[in-house]
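The values are calculated or read from the model by the stated rules, or taken from the named source; none is laboratory data. All of these numbers come straight from a predicted model, not from anything done at the bench. Here the Cβ positions follow ideal geometry from the backbone for every residue, glycine too, while neighbour counts run over all protein chains shown. These area figures cover heavy atoms from the full protein model, side chains too; ligands, DNA and RNA do not enter into them. Shrake-Rupley method; radii C 1.70, N 1.55, O 1.52, S 1.80 Å.
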Amino acid sequence: MSEFIAPLERLIDKFRSLPGVGYKTAVRMAFSVLDMNAEDALDFADAIAEAKKVIVHCKICQNISDSEICPVCMDESRDRSVICVVESSKEVAAIERIREYNGLFHVLGGLISPIDGIGPERLKIKELISRLGDDTVKEVIVATNPSVEGEATAMYLSKLIRPLGIKTTRLAYGLPAGGELEYADDVTLFRALEGRREI
């Protein structure tokens, strides 16, 4: 017999399915939703439904967007000779927050991880290579996390891009091994961008 009534157990299970949310946190979240008035609870549910319905991936850079082309790709003032390659849209937001990078982005949608069954074909690598064919791009900054998977992905990309005659650089991390870009402070991110190196 379960500890809670079935509808509450289902809500707890849904919160538990989120990354990093354990049982106790899921219970707290579920009770927080129950404590909301009906209007706020429906608004919360509508926000989730709308996000799933409206948010798409930019057809150019694969970043999340609410239109076919994201605001970064549409911004004519951006430096189109530089593309910063990241794992996910969370890293785009982290780099944009420091307001020091003015190039474009490309979101891979993950990292190469053979142990998890994720090979290069599962990432948005073909889309990246197709953006490099017209001599506009002079540098690709590979800004994957300094993990085993991040390093493997960076090396794979550099082997593909270098023969195209495009400079390929890696962020100079002031982060500990295994650190996550999205949690880095602004100064560390700025220094990492400034100290990037060729790979």
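Couple of notes before you dig in:
- Rounded to the nearest 20 debye, the dipole magnitude of region 127-166 is 100 debye, with +1 charges on Lys and Arg beta carbons, -1 on Asp and Glu beta carbons, and the Cα centre as origin.
- The alpha-carbon positions of region 1-86 define a convex hull whose volume is 144 Å³ per residue.
- Within the chain, helix-based [θ] at 222 nm, where runs of 4 or more DSSP H residues each add -39,500 (n - 2.57), nearest 500: -12500 deg cm²/dmol
- A straight chain from residue 90 to residue 4 at 0.36 nm per residue would run longer than the Cα-Cα distance by 27.5 nm.
- Highest-MSF residue in the chain out of 158, 88, 32 [GNM, Cα springs under 10 Å]: 32
- Most positive-pole-ward Cα, 117, 55, 104, against dipole of region 40-165 from beta carbon charges: 117
- Using a probe radius of 1.4 angstrom, the carbon and sulfur fraction of the accessible surface of region 32-88 is 56%.
- Across region 89-162 the C-alpha pair distances fall into 10 Å bins from zero in the proportions 17, 51, 29, 3 percent.
- Convex hull volume per residue in cubic angstrom - Cα atoms of region 52-199: 113 Å³
- Links that overshoot a 21 Å alpha carbon limit, given the list 126/167; 14/53; 53/90; 59/90; 90/167: 90/167
- Volume of the Cα convex hull of region 45-123, divided per residue and given in Å³: 127 Å³
- Of the beta bridges in region 1-135, as assigned by DSSP with both residues counted there, near 40 percent are antiparallel.
- Axis angle, to the nearest 10 degrees, between helix 38-54 and the longest C-alpha principal axis of the chain: 30 degrees.
- The chain, relative contact order in percent, only Cα pairs under 8 angstrom and at least six apart counted: 15 percent
- For region 21-117, size of Cβ-based charge dipole, Lys and Arg +1, Asp and Glu -1, in debye: 320 debye
- Taking θ as phi - 60° and the Karplus parameters 6.51, -1.76 and 1.60, the scalar couplings of region 56-69 work out to 10, 9, 4, 6, 9, 9, 6, 6, 5, 7, 9, 9, 4, 10 Hz in sequence order, x denoting glycine and proline.
- Test item: Cα-centred dipole of the chain, Lys/Arg +1 and Asp/Glu -1 on Cβ, debye: 740 debye
- Quarter of Cα convex hull surface for region 1-44, i.e. mean projection, nm²: 3.3 nm²
- Taking Lys and Arg as +1 and Asp and Glu as -1, the other residues whose beta-carbon sits under 15 Å from that of residue 29 total +1.
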